[in-house]
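The values are calculated or read from the model by the stated rules, or taken from the named source; none is laboratory data. In this text the structure is predicted, and so the values were computed from the model without any measurement. Neighbour counts run over all protein chains shown; Cβ positions are idealised from the backbone, glycine included.
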Amino acid sequence: MSKQNLVLIPGLVCDQKVWQHQHKFLQDIAEITIIPADSGETMESMAAYALNLAPNVFALAGFSMGGYIALEMLRQAPHRITRLALLDTSSKSDTSEKFESRLKAIAACKSGNFNGVIEGMFEVLLHSDHQQSNLRAFVKDMAMRVGSDTFCLRHKAMMTRCDSTELLLQTKIPVRAICGRQDAMSSVQDHEEIADNASRGKLSIIEECGHMTILERPHAATTLLRDWMKYD
């Protein structure tokens, strides 16, 4: 059986290593491209950059901020995307509170407190069971590789994104919404709305898991992505 092209987009504090489990265990069914989200000051330009690096036709999965990029990619090139997986993300634009929190994070980074900003995020990044695990160190190291400049660039781009409710209502491709039950950054309700709005939408919830499903429960996340690729 021929392999599908699969494009993976990482999240805000992530580099390509966030997808390491999926990259390893989906290679038998997919030709995988992990695209770094590190170019462009708007969501439109970030998506255009990703589309330029992607195969001509592909399945697309975006984690957290990567979900915002994936939705914008769908908006720009719907004819190229065969199916969409949105993990721990939202189809809605920023609330005023979220917009202000991004400005504060950028200001803190500009004043030299990038480390403090990242440390302050762990309460919403990981399930309580993982707060003091080796996973925390893995995420911290990854965020440090991303660095303050790219972190701020990504925040600025996210502040420009559109609401994608209407986009999902119009799409006819399979859409899988996946999230951790205890995700403190993107709610289960956000993912219910994604699945409900897409005509071929499905919802998958990973129990005892926070925001970073693909790291916290990698086997479950990879299994769900395999199911999405083969059967949705």
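Of all positions in the range 59-78, none carries a residue that is in contact with a Phe, Trp or Tyr (Cβ under 6 Å, 6 or more places away or on another chain), at positive phi and not aromatic (Phe, Trp, Tyr).
Do we find that Val175 is under 22 Å from Ala220 (Cβ atoms) and in contact with a strand residue (DSSP E or B) (Cβ under 6 Å, 6 or more places away or on another chain) in this structure? Break it down into steps so the answer makes sense when it comes.
Numbers: under 22 Å from Ala220 (Cβ atoms): yes; in contact with a strand residue (DSSP E or B) (Cβ under 6 Å, 6 or more places away or on another chain): yes.
Against the criterion (under 22 Å from Ala220 (Cβ atoms) and in contact with a strand residue (DSSP E or B) (Cβ under 6 Å, 6 or more places away or on another chain)), Val175 qualifies.
Does the range 29-52 contain any residue that is charged (D, E, K, R), in a loop (DSSP other than H, G, I, E, B), out of contact with any Cys (no Cβ under 7 Å at 6 or more places or on another chain) and more than 24 Å from Met144 (Cα to Cα)? Explain how you work it out, then say what you get.
Applying the first criterion (charged (D, E, K, R)) to the range 29-52 yields 31, 38, 41, 44.
Then keep just the ones that are in a loop (DSSP other than H, G, I, E, B); that gives 38, 41.
Still in the running and out of contact with any Cys (no Cβ under 7 Å at 6 or more places or on another chain): 38, 41.
Checking the rest, the ones that are also more than 24 Å from Met144 (Cα to Cα) come to none.
Checking the range 29-52: not a single residue is charged (D, E, K, R), in a loop (DSSP other than H, G, I, E, B), out of contact with any Cys (no Cβ under 7 Å at 6 or more places or on another chain) and more than 24 Å from Met144 (Cα to Cα).
Scanning the range 89-98 for residues being crowded, with 17+ Cβ neighbours inside 10 Å and of a type outside the set (D, E, K, R) gives a total of 4.
Before we move on, is Ala37 at pLDDT below 95 and buried (at least 20 other Cβ atoms within 10 Å of the Cβ)? Yes, satisfied. When restricted to residues that are basic (Lys, Arg) and either modelled with pLDDT under 95 or within 21 Å of Ala220 (Cα to Cα) (or both), the range 186-208 contains 1. Residue count for the range 136-158 under the criterion of being surrounded by fewer than 17 Cβ atoms within 10 Å (Cβ to Cβ) and among the aromatic types (Phe, Trp, Tyr): the result is 1. The number of residues in the range 188-232 that are free of Cβ contacts under 8 Å to residues at least 60 places away in the same chain, surrounded by fewer than 20 Cβ atoms within 10 Å (Cβ to Cβ) and either more than 27 Å from Lys3 (Cβ to Cβ) or not hydroxyl-bearing (Ser, Thr, Tyr) (or both) comes to 12. Which of the residues that make up the range 78-106 are in a helix (DSSP H, G or I), within 17 Å of Leu125 (Cβ to Cβ) and of a type in the set (Ser, Thr, Tyr)? Hit for the range 78-106 is Ser101, nothing else.
The set of residues in the range 159-185 being at pLDDT 95 or above and surrounded by 20 or more Cβ atoms within 10 Å (Cβ to Cβ) consists of Ser164, Leu168, Thr171, Val175, Arg176, Ala177, Ile178, Cys179, Gly180, Asp183.
Of the residues making up the range 65-79, those that are hydrophobic (A, V, I, L, M, F, W, C) and closer than 13 Å to Ala48 by Cα are Ile69, Ala70, Leu71, Met73, Leu74, Ala77.
Here is a yes/no grid of residues against (1) farther than 15 Å from Cys209 by Cα; (2) in a helix (DSSP H, G or I); (3) in contact (Cβ under 8 Å) with a residue 24 or more places away in the chain:
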{"position": "Glu123", "(1), (2), (3)": "no, yes, yes"}
{"position": "Leu135", "(1), (2), (3)": "no, yes, yes"}
{"position": "Asp141", "(1), (2), (3)": "yes, yes, no"}
{"position": "Arg145", "(1), (2), (3)": "yes, yes, yes"}
{"position": "Phe151", "(1), (2), (3)": "yes, yes, yes"}
{"position": "Arg161", "(1), (2), (3)": "yes, no, yes"}
{"position": "Leu168", "(1), (2), (3)": "yes, yes, yes"}
{"position": "Ile173", "(1), (2), (3)": "yes, no, yes"}
{"position": "Cys179", "(1), (2), (3)": "no, no, yes"}
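Got a sec? Which of Leu86, Leu74 is among the aliphatic types (A, V, I, L, M), in contact (Cβ under 8 Å) with a residue 40 or more places away in the chain, touching a His at 6+ places or on another chain (Cβ under 8 Å) and buried (at least 18 other Cβ atoms within 10 Å of the Cβ)? Just one listed residue meets the conditions, Leu86.
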